[in-house]
Amino acid sequence: MKERGRGALSGLFHWVPWLGRAAAITNLMAVMTLVYFMVRSEYGPIGVRMRSILANEAVFHWSWGVKILSAVMMTGVFLVLVWMLEAQYRSILQMALMIWIIGAAGWILQDLMQMWVMPTLSRMFLAVPTAGLADYILMWERLLFRLGGVFSCTCYAISGLIYTAIMFRSDHIPSGMARYSFVVWCFVLLTAVSVRWLEGMMPWLTAFALLMLVPWFWRLGQWLPRPAPS
């Protein structure tokens, strides 16, 4: 049974480079869709945002679906990293993975709510644009913003920094890769904690953070060709 488990893990490790590339590609697609909606004034006044959502509803659903897919791909990479980094730190990595999964669950929940709740509220607002409904929509936006932009990003950053600390201790991870990882996750953490003062810039900061992760995930599979010995 133990040998069978090792064989299954070995087959999984074979796909690590492709999993890293998939995470990089989906992150890049998420950046492109975020920039698209920012350019199309999705983040302008509430009336403009609601019209933008309904005018581009198919693209809107597709863009949030891409974000969900990127979260799943990133989670897959971090899951495999638990067994690919040094075995003596595995319990710490498992703790970091649980923090990441909590953040990913919040991120995916926020995306699902954006996909299904916001288009319905947009139709209601454009049909009957009352002040009460506008306040209700803004309440939803603040809730989803804090769930994804604050809670999930904080979990991502804490987990990423724990993984980075183990990367600094790893013999088969280049120091430059570990330093870049430290910069990326520090930026994500600073973005999450500064949301109170930079709320208007959060969509751009989120897009930039996802863009920074593209080369990180792409190269990660190249530096981790096999699991660390147990």
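The values are calculated or read from the model by the stated rules, or taken from the named source; none is laboratory data. All figures in this text were calculated on a predicted structure; none of them were measured in a lab. Neighbour counts run over all protein chains shown; Cβ positions are idealised from the backbone, glycine included. All accessible areas refer to the heavy atoms of the entire protein, side chains included, with ligands and DNA or RNA removed. Shrake-Rupley method; radii C 1.70, N 1.55, O 1.52, S 1.80 Å.
Observations
- FRET efficiency, residue 134 to residue 83 (Cβ-Cβ, R0 45 Å, nearest 0.05): 0.35
- Accessible surface of region 153-202, 1.4 Å probe, proportion on carbon and sulfur as whole %: 68
- Take the Kirkwood radius over Cα pairs of region 81-213, plug it into Stokes-Einstein at 25 °C and 0.890 mPa s, and you get 148 µm²/s for translational diffusion.
- For the pair residue 168 and residue 92, the difference between a 0.36 nm per residue extended length and the Cα-Cα distance amounts to 26.0 nm.
- With all pairs of separate Cα atoms included, region 116-160 yields a Kirkwood hydrodynamic radius of 11.8 Å.
- Karplus 3J(HN,Hα) series, Hz, for region 138-155 with 6.51 cos²θ - 1.76 cosθ + 1.60 (x for Gly, Pro): 4, 5, 4, 4, 5, 4, 5, 5, 6, 5, x, x, 10, 5, 5, 5, 5, 4
- Here the Karplus relation 6.51 cos²θ - 1.76 cosθ + 1.60, evaluated at θ = phi - 60°, turns the backbone of region 130-135 into coupling constants of 8, 5, x, 5, 4, 5 Hz, with x for every Gly and Pro.
- Spread over its residues, the convex hull of the C-alpha atoms of region 67-148 is 66 Å³ per residue.
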